[in-house]
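Student: I have a structure here, written as structure tokens, and I will follow up with some questions on it.
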Amino acid sequence: MAERKVELEVLRYNPETDSEPHFQRYSVSCPEEWVVLDALNHVKETLDPTLSYRWSCHMAVCGSCGMMIDNEPKLACKTFLRDYPGVIRVEPLRHFPIQRDLVTVPDDFIAKLARVKPYLIPKEPRPLEAGEYRQTPAELKRYKQFTLCINCMLCYAACPEYGLIPDYIGPAALSLAHRYNQDSRDGGRGERQEEVASKAGVWECSFVGACSEVCPEHVDPAAAIQQAKIQSTVDWYKEHLMPWLKK
Amino acid sequence: MESVQADVAIVGAGGAGLRAAIALAQADPGLRIALISKVYPMRSHTCAAEGGAAGVIKPDDSLEHHFNDTVGGGDWLCDQDAVDYLVQEAPKELIQLEHWGCPWSREPNGSVAVRPFGGMKKQRTWFAADKSGFHILHTLFQTSLQFPSIQRFDEFYVTELLVDEGRCAGVVAIEMRSGQMRAFHARAVIIAGGGAGRMFPFTTNGAIKTGDGMALAYRAGVPLKDMEFVQYHPTGLPSTGTLLTEACRGEGGVLLNKNGRRFLQDYGMGPETPLGKPVFKTMELGPRDRVSQAFWQEQKKGNMLPTQWGDAMLLDMRHLGEKTINERLPLVRDMSISYMGVDPVTDPVPVRPVVHYMMGGIDTDMRAATRLPGLHAAGECACVSINGANRLGSNSLTELLVFGRRAALSAIEYLQSGARPAGAAALAAGAAAAQGRIRELMQRSGGGETVAGLRKEMMQTMEQNAGIYRTSEGLAEACAKLSELRRRYRKVELHDKTNVYNTDLLQALELGSMLDCAEAVTQSALARKESRGAHQRLDFTARDDVSFLRHSLAVYSQGDPPRVEYRDVVITRSKPGVRDYSGGGGK
């Protein structure tokens, strides 16, 4: 295995002992094919047990290890050392308060997720005995992509609007609302619109598209938000210009 | 210490914990439910399950087939009444998830699609591409958000159960964010803490799978059952241990040795089936224990491919074509390219067996209740037992749904049986003692042992001695080593003595859980002098139904290795027979 010397520059902050964050340099010798998370684990095991960060699956599905790597939001378990020839700067995800070191406080995101009612509100309730709802592969495809969000919050760290306007519901939660709105089994769009079409909802997005660029699962939140904007616009016209269409 | 009053406390918010929480909230909106987890629910390891969940749905299948596959797959160590309950409830639970929005893959007519899996006689694995566990977890988590009675305590690590007068009456936990301890007073507790694969160095399991739930129950006097049965999944990436789902083979992928031979035909799983036309319960659709064991045998013969990470076999999916791989196995393709630099569309992927799942766990009955009144358990941390000596792929996601719900119903039955609330003084004393133990660990100095050092020694001894094939010498050595590590663990010293998100402390506690689980594994394995399912002994190569058609029960004994006791298996109608994976099973 080809070894390589890696320099990590890691943001450290312990609210009990530090007045402000600072950077700490770690120099480790690693196999070339390691990811940044492997290097952090190596530091924690051999150099500094006090370094704090979240991780679990090491396969880009649990969404724990989002962090800023050389100023870009990344999953540490899928960011390869080979793509970073120089010193690698590692910081907690931007736009979230730092709890400690690389651990952020995700409360705002978690609360916003719940606010968009991200669960099926059935169009027609169905007893279990009646079996599954029919849903064709084409109907599944309409929303499938938006189910793939792992809640890693990279899109919030990338979103300039969220940085400026913390009330903004943000890419992942809006995509999730859109996911249920697009589901052939769901009839809850009206209930979700209160949040989704609000000032803090889709209209806050200025379509920079950074969310989709950083999404490790290719969910394309920007597309979800633009689709939702079109739907909201249609709603508005129906309501204001063609009131007779309203049920 | 601050306390939280709840009717039911659930420890763990993965598939089983969330399913239990929803069942409780639906059954009685007045119940106060405390859902406590050391991680945010969507980080739970259920998310990493790929292939799917088994449940009879198609007209050519039957509950009896699912029962027989499961019992035979488990080498007759399953409790058959529990398996009956599993297979009967499975379709309802999977339809329930569908009604909650789970994006199951579909047939052209809009009905749910199923795929073949190892050891199954029919197609009965419901799937959502190759991210089935991920979708199940997120569907459950999102569904749970509509129930205000489910109060979540995310990133709280439970250190102990509160027990009063022989009844479980709550838990004590550390809030990671503050380092503060909190007592949860609950009339019933459900443990859904997941498996313990992290005892081993090479595993598909995420970092969080450290057997905490098992250790909680074990230390409170509930035995750990059938712990010697550790499942190796045949196909992990050699570089990282990342799982490549059994669905790779369900969809038609084949396993080759270094000479390009489909070697499973040499280990009783032939005759060779035509490429791209998998036959149920044959060749690559054999059960996981057999396939992993065949790898080991073949490796001994020098027929495996040496790689920089050790010997590997080849998983060849090229004949499936890019379209099928993208549609049905997108994660597998992504992982293979990312972590191995191999695209399964154009090249076979090197793989090797990897620790995946604990068949054993907290001893429960088929109502998910333990012998400690008030305490229930479900999911991988529990052993009902429906998995016996070897779990069939796609039964675990089903299990956590069926028994997650069952645990909730049992907890309600327990509450209704008029269980008295525990005495305030006893609860306060229990919580204070728990806090004292954490304080002692935090303040200890001069011990000289490190978490990373002890953990490494534990992993090495498990890898060397408790793997696919075992011997009495190796197991005895492992037992001695683990006793030593348990003693040295008392001298473990933290580097980090601060309160906020102290992962040094967290890892020390997790190591304590793993050491207890590891000792239960090796002591139970040493005592089981036969070969059955995933427990293979080079010195006792045959199954011995006379002496060992019994569940092992490792009973905690403070300061000493566990005592191993036995209990008869529940056999209702399937007498122990020969496990046939030689082409006859699919007929």
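Student: Is it the case that B:LEU505 is within 14 Å of another protein chain (Cβ to nearest Cβ), in contact with a strand residue (DSSP E or B) (Cβ under 8 Å, 6 or more places away or on another chain) and buried (at least 21 other Cβ atoms within 10 Å of the Cβ)?
Tutor: On the way: within 14 Å of another protein chain (Cβ to nearest Cβ): yes; in contact with a strand residue (DSSP E or B) (Cβ under 8 Å, 6 or more places away or on another chain): yes; buried (at least 21 other Cβ atoms within 10 Å of the Cβ): yes.
Against the criterion (within 14 Å of another protein chain (Cβ to nearest Cβ), in contact with a strand residue (DSSP E or B) (Cβ under 8 Å, 6 or more places away or on another chain) and buried (at least 21 other Cβ atoms within 10 Å of the Cβ)), B:LEU505 qualifies.
Student: Residues to consider are A:ALA177, A:ALA157, A:ALA197, A:ALA130; find the one that is among the aliphatic types (A, V, I, L, M) and either at positive phi or in contact with a strand residue (DSSP E or B) (Cβ under 6 Å, 6 or more places away or on another chain) (or both). Lay out the reasoning, then the answer.
Tutor: Values: A:ALA177 fails: either at positive phi or in contact with a strand residue (DSSP E or B) (Cβ under 6 Å, 6 or more places away or on another chain) (or both); A:ALA197 fails: either at positive phi or in contact with a strand residue (DSSP E or B) (Cβ under 6 Å, 6 or more places away or on another chain) (or both); A:ALA130 fails: either at positive phi or in contact with a strand residue (DSSP E or B) (Cβ under 6 Å, 6 or more places away or on another chain) (or both).
Answer to the check: A:ALA157.
Student: So which residues in region B:399-442 are within 21 Å of B:HIS551 (Cβ to Cβ) and β-branched (Val, Ile, Thr), if there are any at all?
Tutor: Of region B:399-442, the ones within 21 Å of B:HIS551 (Cβ to Cβ) are B:399-400, B:402-403, B:406-407, B:410.
Hit for region B:399-442 is B:VAL402, nothing else.
Student: Count, please, the residues in region B:472-505 that happen to be part of a loop (DSSP other than H, G, I, E, B) and either among the hydroxyl-bearing types (Ser, Thr, Tyr) or in contact (Cβ under 8 Å) with a residue 60 or more places away in the chain (or both). Full working, then the answer.
Tutor: The initial filter retains those residues of region B:472-505 that are part of a loop (DSSP other than H, G, I, E, B), namely B:490-491, B:493-502.
Still in the running and either among the hydroxyl-bearing types (Ser, Thr, Tyr) or in contact (Cβ under 8 Å) with a residue 60 or more places away in the chain (or both): B:498-502.
Residues flagged as part of a loop (DSSP other than H, G, I, E, B) and either among the hydroxyl-bearing types (Ser, Thr, Tyr) or in contact (Cβ under 8 Å) with a residue 60 or more places away in the chain (or both) within region B:472-505 amount to 5.
Student: Does A:ALA60 satisfy being within 10 Å of chain B (Cβ to nearest Cβ), more than 25 Å from A:GLU161 (Cβ to Cβ), at pLDDT 95 or above and under 15 Å from the mean Cα position of the chain (by Cα)?
Tutor: Numbers: within 10 Å of chain B (Cβ to nearest Cβ): yes; more than 25 Å from A:GLU161 (Cβ to Cβ): yes; at pLDDT 95 or above: yes; under 15 Å from the mean Cα position of the chain (by Cα): yes.
So A:ALA60 passes the test.
Student: Scan the helices (runs of 4 or more DSSP H) fully inside region B:211-322 and keep the ones with 1 or more residues being surrounded by fewer than 18 Cβ atoms within 10 Å (Cβ to Cβ). Lay out the reasoning, then the answer.
Tutor: Working: elements: B:212-219, B:247-250, B:288-300.
Because the criterion is at least 1 residues that are surrounded by fewer than 18 Cβ atoms within 10 Å (Cβ to Cβ), the helices (runs of 4 or more DSSP H) in region B:211-322 that meet it are B:212-219, B:288-300.
Student: For region A:1-24, which positions are assigned to a strand (DSSP E or B), under 19 Å from A:ASN71 (Cα atoms) and touching a residue at least 40 places away in the same chain (Cβ under 8 Å)? Walk me through how you get there before you give the answer.
Tutor: Here is the first cut: in region A:1-24, the ones assigned to a strand (DSSP E or B) are A:3-12, A:22-24.
Add one more test, that the residue is under 19 Å from A:ASN71 (Cα atoms), and what stays is A:6-12, A:22-24.
Within region A:1-24, A:VAL6, A:GLU7, A:LEU8, A:GLU9, A:VAL10, A:LEU11, A:ARG12, A:PHE23 meet the criteria.
Student: Still on this structure: From the list A:LYS141, A:LYS117, exactly one residue is charged (D, E, K, R) and in a helix (DSSP H, G or I). Which is it? If you could, list the steps in order and put the result at the bottom.
Tutor: Working: A:LYS117 fails: in a helix (DSSP H, G or I).
Selected residue: A:LYS141, the only one of A:LYS141, A:LYS117 that is charged (D, E, K, R) and in a helix (DSSP H, G or I).
Student: Quick one: count up the residues across region A:144-175 that are facing another protein chain (nearest Cβ under 10 Å), closer than 17 Å to B:MET42 by Cβ and part of a helix (DSSP H, G or I).
Tutor: Selection size over region A:144-175: 2.
Student: For region B:387-411, name all the residues that are over 14 Å from B:GLY14 (Cα atoms), out of contact with any strand residue (DSSP E or B) (no Cβ under 8 Å at 6 or more places or on another chain) and part of a helix (DSSP H, G or I).
Tutor: Within region B:387-411, B:ARG406, B:LEU409 qualify.
Student: Report every pair of residues separated by at least 6 positions or lying on different chains whose Cβ atoms are under 7 Å apart, first residue within region A:77-99 and assigned by TED's automatic domain parsing to the domain that holds A:TYR13 and under 13 Å from A:PRO21 (Cβ atoms), second of a type in the set (Phe, Trp, Tyr) and buried (at least 19 other Cβ atoms within 10 Å of the Cβ).
Tutor: Between residues of region A:77-99 that are assigned by TED's automatic domain parsing to the domain that holds A:TYR13 and under 13 Å from A:PRO21 (Cβ atoms) and residues that are of a type in the set (Phe, Trp, Tyr) and buried (at least 19 other Cβ atoms within 10 Å of the Cβ), the close pairs are A:ILE98/A:TYR13; A:GLN99/B:TYR501.
Student: Among B:LEU137, B:LEU94, B:LEU63, which is the only one that is aliphatic (A, V, I, L, M) and farther than 17 Å from B:ILE386 by Cβ?
Tutor: Details: B:LEU94 fails: farther than 17 Å from B:ILE386 by Cβ; B:LEU63 fails: farther than 17 Å from B:ILE386 by Cβ.
Result of the check over B:LEU137, B:LEU94, B:LEU63: B:LEU137.
Student: Considering only region B:149-165, I want to know if a residue exists there that is over 20 Å from B:VAL39 (Cα atoms) and either within 24 Å of the chain's Cα centre (by Cα) or crowded, with 24+ Cβ neighbours inside 10 Å (or both).
Tutor: Within region B:149-165, one or more residues are over 20 Å from B:VAL39 (Cα atoms) and either within 24 Å of the chain's Cα centre (by Cα) or crowded, with 24+ Cβ neighbours inside 10 Å (or both).
Student: Checking the conditions here, which among A:ALA60, A:ALA39 is crowded, with 16+ Cβ neighbours inside 10 Å and assigned to a loop (DSSP other than H, G, I, E, B)?
Tutor: A:ALA60
Student: Here's a follow-up. Please specify each residue of region B:94-114 satisfying the condition of being surrounded by 23 or more Cβ atoms within 10 Å (Cβ to Cβ), in contact (Cβ under 8 Å) with a residue 40 or more places away in the chain and more than 7 Å from every other protein chain (Cβ to nearest Cβ).
Tutor: If the condition is that a residue be surrounded by 23 or more Cβ atoms within 10 Å (Cβ to Cβ), in contact (Cβ under 8 Å) with a residue 40 or more places away in the chain and more than 7 Å from every other protein chain (Cβ to nearest Cβ), then B:LEU94, B:LEU97, B:VAL114 are the ones that fit.
Student: Here's something else I'd like to know. Just wondering, is there one or more residues in region B:150-169 that are part of a strand (DSSP E or B), among the polar types (S, T, N, Q) and either within 14 Å of chain A (Cβ to nearest Cβ) or within 24 Å of B:VAL500 (Cβ to Cβ) (or both)? It would help to see each step written out before you state the result.
Tutor: Applying the first criterion (part of a strand (DSSP E or B)) to region B:150-169 yields B:150-154, B:156-164, B:167-169.
After this cut, where a residue has to be among the polar types (S, T, N, Q) as well, the list is B:151, B:159.
Subset that is either within 14 Å of chain A (Cβ to nearest Cβ) or within 24 Å of B:VAL500 (Cβ to Cβ) (or both): B:151, B:159.
Looking through region B:150-169, at least one residue is part of a strand (DSSP E or B), among the polar types (S, T, N, Q) and either within 14 Å of chain A (Cβ to nearest Cβ) or within 24 Å of B:VAL500 (Cβ to Cβ) (or both).
Student: If B:VAL342 satisfies every condition in (1) buried (at least 24 other Cβ atoms within 10 Å of the Cβ); (2) part of a loop (DSSP other than H, G, I, E, B) but one, which is the exception?
Tutor: Unmet for B:VAL342, out of (1) buried (at least 24 other Cβ atoms within 10 Å of the Cβ); (2) part of a loop (DSSP other than H, G, I, E, B): (1).
Student: Mind counting the residues in region A:111-136 that are over 16 Å from A:GLN193 (Cβ atoms), in contact with a Leu (Cβ under 8 Å, 6 or more places away or on another chain) and at the interface with another protein chain (Cβ under 7 Å from one of its Cβ atoms)?
Tutor: Number satisfying all stated conditions: 1.
Student: Checking A:GLU72 against (1) among the acidic types (Asp, Glu); (2) more than 10 Å from chain B (Cβ to nearest Cβ); (3) touching a residue at least 12 places away in the same chain (Cβ under 8 Å); (4) more than 22 Å from A:VAL105 (Cβ to Cβ), only one condition comes out false. Which one?
Tutor: (4)
Student: Would you be able to say whether some residue in region A:223-245 is within 13 Å of another protein chain (Cβ to nearest Cβ), closer than 30 Å to B:ASN109 by Cβ and either out of contact with any Pro (no Cβ under 9 Å at 6 or more places or on another chain) or among the aromatic types (Phe, Trp, Tyr) (or both)? Even if it seems obvious, please write down each step before you answer.
Tutor: Initial filter on region A:223-245 (within 13 Å of another protein chain (Cβ to nearest Cβ)): none.
Checking region A:223-245: not a single residue is within 13 Å of another protein chain (Cβ to nearest Cβ), closer than 30 Å to B:ASN109 by Cβ and either out of contact with any Pro (no Cβ under 9 Å at 6 or more places or on another chain) or among the aromatic types (Phe, Trp, Tyr) (or both).
Student: Looking at B:HIS66, B:HIS138 in this structure, which one is in a helix (DSSP H, G or I), within 14 Å of another protein chain (Cβ to nearest Cβ) and in contact (Cβ under 8 Å) with a residue 40 or more places away in the chain?
Tutor: On the way: B:HIS66 fails: within 14 Å of another protein chain (Cβ to nearest Cβ).
It is B:HIS138.
Student: Being under 27 Å from A:GLU195 (Cα atoms), at the interface with another protein chain (Cβ under 9 Å from one of its Cβ atoms) and assigned to a helix (DSSP H, G or I) is the filter here, so list the residues in region A:76-110 that pass it.
Tutor: Residue satisfying the conditions is A:ILE110 alone.
Student: Those residues that are in a loop (DSSP other than H, G, I, E, B) and either at pLDDT below 95 or within 26 Å of the chain's Cα centre (by Cα) (or both), I need them from region B:170-189; list them, please. Please lay out each step first, then the result.
Tutor: Going through region B:170-189, the residues in a loop (DSSP other than H, G, I, E, B) turn out to be B:176-180.
Passing the criteria: only B:MET176.
Student: Oh, and also: Taking region A:190-209 on its own, how many of its residues are surrounded by fewer than 21 Cβ atoms within 10 Å (Cβ to Cβ) and part of a helix (DSSP H, G or I)?
Tutor: Step one: of region A:190-209, the residues surrounded by fewer than 21 Cβ atoms within 10 Å (Cβ to Cβ) are A:190-191, A:193-195, A:197-200, A:203-204, A:206-209.
Restricting the remaining residues to those that are part of a helix (DSSP H, G or I) gives A:190-191, A:193-195, A:203-204.
Residues flagged as surrounded by fewer than 21 Cβ atoms within 10 Å (Cβ to Cβ) and part of a helix (DSSP H, G or I) within region A:190-209 amount to 7.
The values are calculated or read from the model by the stated rules, or taken from the named source; none is laboratory data. This structure is a prediction, so every number in the text was calculated from the model and none was measured. When we count neighbours, we look across all protein chains shown, and the Cβ atoms used for this are built from the backbone with ideal geometry, even at glycine.
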